[in-house]
Amino acid sequence: MASIRFLGAAGTVTGSRFLVESGHARVLVDAGLFQGPKELRLRNRDRWPVDPASLTAVVLTHAHIDHTGALPLLAKQGYRGPVHATPATRDLLGLLLPDSGRLHEEEARWANQKGYSKHAPNAEPLYTEADAVAVLPRLAPLAYGRPRQVAPGITLTYHRAGHILGSATVLLELAGPPRRRLLFSGDLGRYGAPILPDPEGGPSADVLVVESTYGGKRHAEAPARDALRDEVRQAAARGGALLVPAFAIGRTQEVLFTLRELEGRGEIPELPVFVDSPMAVDATPIFLAHREDHDDEMARLFASGVEPLRPRRLTFARSPEQSKAINKVDGPCIIISASGMATGGRVLHHLARRLPDPRTTVLLVGFQAAGTRGWSLQNGAATVRMHGEDVPVKARVASITGFSAHADEAELSRWLATLPAPPQRTFLVHGEPTSLAAARERMARLGWPCEVPRHLETFELA
Ligand SMILES: [Zn+2]
């Protein structure tokens, strides 16, 4: 018998973790954290519904924390086996997992100081930076397109997913009986996005587990490049800073790529550009090093001696002193700093310094979750609270929606059309109820039978 059990990302986007059992082998695809509302985050504290020590292998689709952030918990609860990942995913996790551990430690310290956990005066972090670092040696890199036996009778092959650097779809071939080919989409990226190649066509599969994050939704038609060009020109004309809160991994590099491209075409003035985030400073060389994750345009740029992620007047700020020095820059400049929703990080210092200045433009280039400072700014807040003070918003606030790492409805359909034949079974995961409903309608139009699993539901794959 073979089976699949949905330990997360069922009826919701985060907490990606799928258990595949065949013969005596147990393979876990992704080990993600639940994020968002508290009732979901509390699941991170539950004991694993399967004994981690009994797992044969863990296989990752990509480095995002909602797909990998539970690895330290698995290890703490007894998992001692390998964690298969693409080489770029392995490198990115070297930054992301320890950072996740630090954030959990900070959260616990804060809870204890504020005493809001009075029933549990000694709030324990979910895991620590040391727990996260301890997991890194388990990562076993595997290149795209190279089959590897990860458990007796189970072979893994990665194909490019185009979502973030190192992202992959996962094909698990079960030798059986029964013989089965299981394909996990992971998160799928966009067609024609900078830096990364398009999602690779899917291999044939009997069972498909496909994401639905943007099920039924369409991204903006206008290219992000044109919108960024217009914002840079406007900011230069206003004589102030263009302040871009951006995720350190992915969005920062896309913005750098696009600025360099616009400068190269003479479409924007060459302004001083500052990247002020230690993680972005460390991640950028990883983006440059993994040529296997580059599209043809990146390869062409390297071949012609162009550094693809380097606008002319770029400065990386690593130390706090380098960060503070940016405060003295008074004329037009571009500051890219994390976090992307202004929930923390160095971008707060820049917002505190620049928001009261009417010459400033704050440019939001990513999704802003409700309740974050980025969301408040996007919704026209007159002040935002930072470091215990209400900072007046005199700056212009603009948003670009064209940068996204997720395939929209049309792109999901385009990828599904690459599968050589409809799978016998399709499971829809990684979606909120409305996206899942839209995805279900699409599958009905395609005539593909599909199911929407519930949390912890098991399906026999006879
Ligand atoms: Zn992702």
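Read-outs throughout are calculated quantities, based only on the coordinates presented, and are distinct from any laboratory measurement. Owing to the predicted nature of the structure, the values given are computational and were not obtained by experimental measurement. All Cβ positions, glycine included, derive from the backbone under ideal geometry; neighbour counts span all protein chains shown.
About its Cα centre, the chain has a charge dipole of approximately 540 debye under the convention of +1 per Lys or Arg Cβ and -1 per Asp or Glu Cβ, with nothing else charged.
Both radii come from the Cα set of the chain: Rg as radius of gyration, Rh as Kirkwood radius; their ratio Rg/Rh reads 0.97. Among the trypsin sites (Lys or Arg not before Pro) in segment 170-212, those placed in a DSSP loop whose Cβ has at most 13 other Cβ atoms within 10 Å are Arg179.
Packing around the peptides 62-68, 140-146, taken as the average count of other Cβ atoms within 10 Å per residue, puts them in this order, highest first: 62-68, 140-146.
Listed by chain and number, the aspartates and glutamates placed with their C-alpha closer than 15 angstrom to that of Lys114 are Glu105, Glu106, Glu124; residues fewer than eight positions away on the same chain are left out.
Principal-axis analysis of the Cα atoms of the chain puts helix 278-289 at an angle of about 60° to the longest axis. Report summary: the helix-based calculation at 222 nm, which adds -39500 (n - 2.57) for every DSSP H run with n ≥ 4 and divides by the residues of the chain, gives -9000 deg cm²/dmol. Relative contact order of segment 117-171, taken over Cα pairs closer than 8 Å and 6 or more residues apart, is 20 percent.
In this structure the amide hydrogen of Leu196, modeled in the peptide plane, comes within under 5 Å of the amide hydrogens of Asp295, none closer than 5 places in sequence on its chain.
Placing a label point 7 Å from the Cα of Ala140 along the Cα-to-Cβ direction, the residues of segment 50-90 whose backbone N falls under 12 Å from that point are 56-60, 80-85. Applied to segment 25-31, the Karplus parametrisation 6.51 cos²θ - 1.76 cosθ + 1.60 on θ = phi - 60° returns per-residue 3J(HN,Hα) values of 9, 10, 10, 9, 8, 6, 9 Hz, with x for Gly and Pro. Taking every C-alpha pair closer than 8 Å and separated by at least 6 residues, the mean separation divided by the residue count of the chain gives a relative contact order of 19 percent.
Angle of helix 87-114 to the longest C-alpha principal axis of the chain, folded into 0 to 90 degrees and rounded to 10: 70°.
List the residues whose amide H sits under 5 Å from the amide H of Lys394, counting only those 5 or more places along or on another chain, with H placed 1.01 Å from N in the peptide plane. Placed amide hydrogens put Asp357 under 5 Å from Lys394.
Counting only residues at least eight positions apart within a chain, or on another chain, the aspartates and glutamates with an alpha carbon under 14 Å from that of Lys217 are Asp408, Glu409, Glu411, Glu432, Glu441. PRE reach from Ser54 (point 7 Å along Cα→Cβ): which of segment 156-194 fall under 19 Å by backbone N? Inside the label zone: nothing. Across segment 379-450, Cα-Cα pairs farther apart than 13 Å form 76% of the total. Taking trypsin sites (Lys or Arg not before Pro) across segment 1-68, the ones in a DSSP loop with at most 13 further Cβ atoms lying within 10 angstrom of their Cβ are Arg47. Taking label positions 7 Å along the Cα-Cβ direction at both Ala130 and Val329, the computed distance is 3.9 nm, reported to one decimal. Here Lys328 is the anchor, and the aspartates and glutamates within straight C-alpha reach of less than 18 Å, apart from those fewer than 8 places off in the same chain, are Asp276, Asp357.
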